[in-house]
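Scroll down for the structure; my scribbles are underneath it.
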Amino acid sequence: MGVDKSDVLKKMREAEAIYVLMSDCTRMPFVVCDPETYDDQVLIFFSEEEAMKGGQEFLKEGNPLKIFNIENKYMLPFYSSLFPAGVNGMWVGKDTEEEIKLQLTELVRRPEQKPGEEPIENPSFQITAMYFMQEKEMKITEDMKDLQEELMAHYQDATFITAVTEEKKMPVLNKNDGQVLLPVFTDVQEFLKFQNNHSDTRYSMGVLEAVKVPEAMGDEMTGVVVNPFGVDLQLNIARPQNQN
C-alpha cells in the first residue's frame with residue numbers, strides 16, 4: 001500500500017518537530033539532486049532516530065552531516081527559506097515506511113510579488129554553491145570543474161545585497177589565511193545572519209550587481225566572500241587596473 005501524500009503533508013504542517021539533515025560544509029540543509037527528476041531536494045524526517053538512519057548512506061560517502069531539530073513554530077519559516085536557496089523538492093522519511101518525495105510548492109506557496117517589488121534572491125547561484133561546497137569537502141575532483149564553471153556563470157548573472165554602514169562604507173572580513181574579503185549576500189536571510197553576528201554595528205542593505213563588484217572593492221581587498229555565515233564561498237575577484 002502506497003504512502004498517502006495528504007497524510008504526510010498534514011504531518012509536515014502539524015508535527016511537533018521535524019528533523020533535517022544539515023551540511024557542515026555549508027551550514028545549510030544538505031541537498032541532493034534526484035537522478036530522475038533533477039529536483040534539488042532536502043531530507044526531512046519525523047524523528048531523530050529516522051534521520052540518523054536515513055543519513056548513514058551520505059555519511060559513508062564522506063559527507064559531514066548534522067541533524068537539526070526544527071520545532072513546529074519555526075517550520076513554516078524553514079520551509080519558506082528553501083525558496084531563495086534554490087530548493088524545489090523534499091525527500092521525506094528516507095528509508096522509512098513514510099518515504100515519499102514531494103515538491104516544495106505542494107506544502108507552501110510564496111505570496112505573489114508586484115512587478116518591481118521582487119526581493120533580491122539568487123536561487124540558481126545559491127543551490128550551485130551548496131553543491132560545490134559539498135563536493136569540495138569530499139574532494140571529488142571529477143565533477144568539480146563542471147560545477148565551478150556553472151557556479152561562475154550564475155555568479156556573473158547575480159545581483160547581491162551588501163552591508164552598508166551609516167558612513168556609507170562596506171565592511172571587510174579578514175580571513176585567517178590573510179585574505180581581505182568583501183562580504184556579499186544572495187538574499188535578505190543571509191544578510192540578516194551577518195547583521196545578527198555583528199550586532200555592535202547597524203548595517204543597511206545595498207544592492208550590487210556582480211559585474212560591478214570589482215569596482216566596489218577597496219585597495220586592500222583580494223576578493224569576495226558570499227554568505228559568510230552560510231556557504232562561506234570565497235572567490236578571488238580581480239580589481240580593475242588603473243589606466244594611465
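Quick note: the coordinates plus some simple rules give every number you see, no bench work behind them. Remember, predicted model here, so these are calculated numbers, not experimental data. Backbone-built Cβ (ideal geometry, glycine too); neighbour counts: all protein chains shown.
In the stretch 32-73, whose amide N lies under 18 Å from the spot 7 Å out along Cα-to-Cβ of Glu97? List them in ranges. So the set is 45-51, 53-54.
In terms of its alpha-carbon gyration tensor, the stretch 108-244 comes out rounded; the largest-to-smallest axis ratio a/c stays below the 1.5 threshold.
Each 10 Å bin from 0 upward holds the following percent of the Cα-Cα pairs of the stretch 58-100: 21, 43, 35, 2.
Under 17 Å from a label point set 7 Å out along the Cα-to-Cβ vector of Glu215, the amide N atoms of the stretch 165-181 belong to 170. If you model the stretch 196-237 as an ellipsoid using its alpha carbon gyration tensor, with each semi-axis the square root of five times an eigenvalue, the axes come out at 19, 14, 11 Å, biggest first. Amide H contacts under 5 Å for Ile44: Trp91, Val92, Gly93, Lys94, restricted to partners 5 or more places along the chain or on a different chain, H placed in the peptide plane at 1.01 Å from N. With contacts taken as Cα pairs under 8 Å at a separation of at least 6 residues, the chain carries a relative contact order of 16 percent. Shape verdict for the chain, please, from the Cα gyration tensor: rounded (a/c under 1.5), prolate (a/b greater than b/c) or oblate. Cα axes put the chain in the prolate bin.
Is the C-alpha gyration tensor of the stretch 1-111 telling us rounded, prolate or oblate? Criteria: a/c under 1.5 is rounded; beyond that, a/b larger than b/c is prolate, otherwise oblate. Spell out each step's value before the answer.
Numbers: a/c = 1.27, a/b = 1.17, b/c = 1.09.
Rounded, since a/c falls under 1.5.
What does the charge dipole of the stretch 99-232 about its Cα centre add up to, to the nearest 20 debye, if the Cβ of each Lys and Arg holds +1 and the Cβ of each Asp and Glu holds -1?
Here the stretch 99-232 has a charge dipole of around 340 debye.
Once every DSSP H run of n ≥ 4 in the chain is given -39500 (n - 2.57) and the sum is divided by its residues, what mean residue ellipticity at 222 nm do you get, rounded to the nearest 500 deg cm²/dmol?
It lands at -9000 deg cm²/dmol.
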